[in-house]
1. In degrees between 0 and 90, to the nearest 10, how far off the longest principal axis of the chain does helix 121-134 point, with axes built from Cα atoms?
2. Grab the DSSP H runs of the chain that are 4 residues or longer, score each as -39,500 (n - 2.57), total them, divide by all residues and round the 222 nm result to the nearest 500 deg cm²/dmol.
3. Rounded if a/c is under 1.5, else prolate if a/b beats b/c, else oblate: with a ≥ b ≥ c from the C-alpha gyration tensor eigenvalues square-rooted, which is the range 299-376?
4. Starting from the Cα gyration tensor of the range 184-327, take the square roots of the eigenvalues, sort them a ≥ b ≥ c, and report rounded, prolate or oblate (rounded when a/c is under 1.5, otherwise prolate if a/b is larger than b/c, else oblate).
5. Would you please classify the overall shape of the range 105-289 from the alpha carbon gyration tensor, given that a ≥ b ≥ c denote the square roots of the eigenvalues, rounded means a/c under 1.5, and beyond that prolate means a/b larger than b/c while oblate covers the rest?
6. Just to be sure I understand: of the beta bridges DSSP finds with both ends in the range 105-289, what percent are antiparallel, rounded to 5?
7. Take the alpha carbon atoms of the range 168-202, find their center, do the same for the range 54-88, and report the distance between the two centers in whole angstrom.
8. Can you tell me the order of 175-183, 52-60 when each peptide is scored by its average per-residue count of other Cβ atoms within 10 angstrom, highest first?
């Protein structure tokens, strides 16, 4: 691969475009939010050598999909199980999602699932197809309806496991239908709690919820070794004999072998799921498998794409982190001053790290106008505004490093032990100014086309 000619920032013309690499069909309502003067959209199969962010839906992303220039990955949806999040964290790449964008779409399908679990709608419709084929529909319709009797939802108890945007929306709608609602969420945030029906639902342990409920609906995230087979044999044994289970979150939340044992031993109720099920479960008449339609509405896809586009633009242009699954939330209002330039630095989260970083600017005799440091797990994120005045000829004064040369400053930052990546955000180089450290190699200073195209080639 031909190496790009090395240029310092002072030699570069102002860059006005970021490249967004897309996988899957992204709703036009989302892509239209990218300003054409600032962004270029490239489908993933085009394999652009330079991409500043990746936008996707269901595509399972590999290292070969991620160019070394990539600063961010954003999924148009809530789940991120199609992305190796620990690997991206290791590489210093924030992964964003769009929580709540498809909440209404999924909620409506859950309500449909509740009705299918309580009434013989699915079976009755299949029966009518056969009667019409036989030419006996008009003759048999009244005689056969007794085969598909059901029960009403009003007065029944719904257990909601997971009270994020979708779970909260389901709880509200269930209460409106006259149901009693019991909730469980050990990780309930203050923001999520404020979305819940005030005074109209009770909270319980998972075990108590299972024991009380006529219907249980799952809206918990899938986290390996945490929520894998959250609904297991022990909990299934505590369900009411005719209680139904709804899974519109992730298939792996349910131990299907244990569920099959429940039905084998005479247990009733229905399993309504938005995912494929095991061969043992599939033939059972009380199992209804839907082809992952939860977020498959025009409105949900448009909402998710628009939210994803806004999130990634905010990060690329200002360094603000919102709705990331692996990075801490972070926002620092911009200083509306021409001589203030923003730098973001991703580091290890350890004592003394911030001091080591600040010492670089002190040694260069640069004034830090404002800064913020946030952390999550083993990772810390810093947004730093530096006072870098322009000289009479329009160049940027980089303190002890002279004028117009960001490269030397960035190289000094990257030399600090524990620094993973740096990025300069300025009117001079919105799409450049990125460096990343991989296996103690510093890649990309002042150049937007590193030697290797992707992390898979390192």
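Every number here is computed from the coordinates shown, using simple stated rules; none is lab data. This one's a predicted model, so the numbers in the text were calculated from it and none came from an experiment. Positions of Cβ are generated from backbone atoms using ideal geometry, with glycine treated the same way; all protein chains shown enter the neighbour counts.
1. 60
2. Details: 13 runs with 127 residues, N = 458.
Taken over the chain, the calculation gives -8000 deg cm²/dmol.
3. On the way: a/c = 3.85, a/b = 1.72, b/c = 2.25.
Since a/c reaches 1.5 but b/c is at least a/b, the shape of the range 299-376 is classed as oblate.
4. Numbers: a/c = 2.32, a/b = 1.67, b/c = 1.39.
Since a/c reaches 1.5 and a/b is larger than b/c, the shape of the range 184-327 is classed as prolate.
5. Numbers: a/c = 2.11, a/b = 1.54, b/c = 1.37.
In terms of gyration-tensor shape, prolate.
6. On the way: 0 of 23 bridges.
Rounded to the nearest five, the antiparallel share is 0 percent.
7. Using only Cα atoms, the two centres lie 31 Å from each other.
8. Numbers: 175-183: 17.9, 52-60: 20.7.
Per-residue Cβ counts within 10 Å, averaged per peptide and sorted highest first, yield 52-60, 175-183.
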